[in-house]
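Visitor: Below is the structure I would like to discuss, written out as structure tokens.
Read the figures in this text as sums done on the coordinates, not as results from a lab. In this text, all values refer to a predicted model and were calculated from it rather than measured experimentally. Quick reminder, even Gly has a Cβ in these numbers, built from the backbone with ideal geometry, and neighbours come from all protein chains shown.
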């Protein structure tokens with residue numbers, strides 16, 4: 001299956017989450033393209049889509065929101081998953097606007113929304129971003145759980161091709177069908 005992983009990221013931390021998702025989906029046998037949302041003009045070449053965004057001031061980045069708006073009809077026509085990466089010491093769902101994410105899920109027909117903790121490196125932030133982070137009392141460091149990210153990618157792969165899920169035990173009746181085939 002051809003899958004697009006498109007990720008809006010300011011400082012590459014969320015992009016790296018997308019890389020883990022893309023790599024895991026490739027390992028599971030899918031053809032995967034990873035692109036920034038502003039580089040996506042059509043979904044015609046893709047069967048499924050994963051959209052991710054960093055969360056700043058409780059909102060997805062504009063590039064990801066714009067992609068969802070521009071391609072809403074195409075997104076509704078295929079399986080879609082969305083994820084957020086928020087403050088380094090809080091899950092993104094604590095930083096996300098719940099109404100905004102719910103409206104986005106409904107508008108594009110996303111199957112699920114997953115929140116992941118982020119990475120905080122104050123040295124790459126603007127003055128305004130540092131002020132916001134100070135107010136949120138976020139701790140510096142990489143708080144991302146890439147094993148959880150990979151596990152979510154496995155869930156996506158399982159839902160796209162449940163018979164090919166290598167991490168799931170095969171029931172006895174499935175083994176006998178495979179032997180007969």
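Visitor: Could you calculate the FRET efficiency of residue 26 with residue 128 from 1/(1 + (r/R0)^6), where r is the beta carbon distance between them and R0 is 41 Å, rounded to 0.05?
Guide: Values: r = 37 Å, r/R0 = 0.90.
That gives a FRET efficiency of 0.65.
Visitor: Still on this structure, I have one more. Once the piece of chain linking residue 2 and residue 62 is laid out straight, how much longer is it, given 0.36 nm per residue of separation minus the C-alpha distance between them? Walk me through the numbers before you get to the answer.
Guide: On the way: separation 60, 0.36 × 60 = 21.60 nm, distance 2.53 nm.
Roughly 19.1 nm would be gained on extension.
Visitor: For residue 102 and residue 161, what is the calculated FRET efficiency with R₀ set at 25 Å and r taken between the beta-carbons, to the nearest 0.05? Present the calculation step by step, with values, prior to reporting the outcome.
Guide: Working: r = 28 Å, r/R0 = 1.13.
Computed FRET efficiency for residue 102 and residue 161: 0.35.
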